[in-house]
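Asks: Structure below; questions to follow.
No value in this document is a laboratory result; all are computed from the given coordinates. Bear in mind that the values here come from a model prediction, so they are computed numbers and not experimental data. When we count neighbours, we look across all protein chains shown, and the Cβ atoms used for this are built from the backbone with ideal geometry, even at glycine.
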């Protein structure tokens, strides 16, 4: 009551005195409470040794709180020597009494193998017991085990539930981990907005990991507006706590000048702090900064060392960069074998630039045996990712494989000839296409004309028949008497012929209708056939036009190359074949030390020979060192070169 101030004024000094009296009489709870006051220094001097003694007295009486707190002191080495074995034993005693904190701490020791063998299964069980008592630390640790599948089967749904329980109690680490599950959609639906909210709660409690992740979201604009200024502030808070990822993030913003001023020197310092913690990204980035000389002096040697550290951790970009330095001999000795190995590691992780560079080495046989098949495969992988160099080299390899090597005059002559022949054939084809179109149109017109002529003929027959009937009626008209006399006879004839006449008329009408139908069908067929032939002819003409355009383009390219070759042939060569040694030499006209090269070649040839191969003059030993003789031979050779016809140099 005195300690809490219940029922009167608070008096911690008197409370401590009275607890001392009770503790001296072996009162376990008094011993435990008095130990707390000695440990924290309440109402008197702090004394960890006395606190440890008093916790021991209470623990010996089975007080679970005292057992747990004494175990803490043994584990941390407070008030006496550190002893993890004794700490684990004491935690076990308290845990067996259902003490949640002891269960949690013993589970930690079992999970990490402190004070005895590692036992993830038992650790998971103990975390579960403490979590059931709403211990937020235990809930978070148990969620970790479910998420990672330690000590039992993996269960992301249960992990998400447990993180939620701890996060609801304000557990910063649980909030951060739950946010990660919401962000990735693990153990339930994806919800970036909820992830951002949870990271905000954890970041507000000073959780460095949450601050860094929230800064990432602000920088990238995930589930909310992009805010580089806020990202920079949050990176700064986490970086000040030594968070390597945040140090890298802040350094990047400083290099790019995003969210504030640009500062290469500070970025270099921050990359250094993160790299010292073994962060592969920081090691690589610091290597880049040193290689380029940003924020300080350029240092290729240190850059190469840092690339090596990051590469050893499997950092693909560092592997590729280190391979480049080894291939070029930058920052240290050249090593094509190791460069090829590192390109292979980076290429296996899907980096297009590494795939392309490794393909170069395989194609050229550098750093190992030549392997064009593998080079082609790697060029293909890089080209599929849009690497322009790989696409170019793959196209060249394809051309070579199909008989289209690098452009050379000899290789282009057949192509030029073929292009010209194709152009001639295509011109003939265009004439033939025009004739085919005209023929198809003529056939269609002829068919239509035939139908019209047939219809006109039928109409003319009908008009002629009608005219004859009128003339007959006019020429043979009877008188009234004879007409009356023959009425009965005519009537009888009409009656006799009535039925057959009707049948004849019907038949005639049917035949006329059939003829009309046949004419219509014939007309439709002719029109359809004409249209189909016209379309086919047009399609064929278009195809010929496309082919002709391609062949003309090929001919044009060949012509341009031939012109380039001709122009190159007219230029003086920058090298020549020595007429004496047949070695490739530098043209004395274009190289200042050309005479030195040629003199050395002539002097080497003169050893063992007695006559000049060009003049036939006898040579003596002293002539080997005669400048006049050497200059004469060079002059003679140069004169021969001026008279040489244009074209590739040939062996004499």
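Asks: For segment 217-272, which residues satisfy the criterion of being more than 27 Å from the chain's Cα centre (by Cα), assigned to a helix (DSSP H, G or I) and closer than 24 Å to residue 205 by Cα?
Replies: 229, 230, 232, 233, 234, 235, 236, 237, 238, 239, 240, 270
Asks: For segment 207-221, does any single residue satisfy the condition of being crowded, with 24+ Cβ neighbours inside 10 Å, touching a residue at least 12 places away in the same chain (Cβ under 8 Å) and within 24 Å of residue 321 (Cβ to Cβ)?
Replies: Checked segment 207-221: no residue is crowded, with 24+ Cβ neighbours inside 10 Å, touching a residue at least 12 places away in the same chain (Cβ under 8 Å) and within 24 Å of residue 321 (Cβ to Cβ).
Asks: May I ask you to list the residues in segment 183-200 that are surrounded by 19 or more Cβ atoms within 10 Å (Cβ to Cβ) and at negative phi? Even if it seems obvious, please write down each step before you answer.
Replies: Of the residues in segment 183-200, the ones surrounded by 19 or more Cβ atoms within 10 Å (Cβ to Cβ) are 183, 187, 195-196, 198-199.
The answer is 183, 195, 196, 198, 199.
Asks: Name the residues in segment 137-153 that are farther than 10 Å from residue 124 by Cβ and buried (at least 21 other Cβ atoms within 10 Å of the Cβ), would you?
Replies: 137, 138, 139, 140, 143, 147
Asks: Mind checking which helices (runs of 4 or more DSSP H) fall wholly inside segment 23-132 and carry at least 3 residues that are over 29 Å from residue 166 (Cβ atoms)?
Replies: 28-40, 48-60
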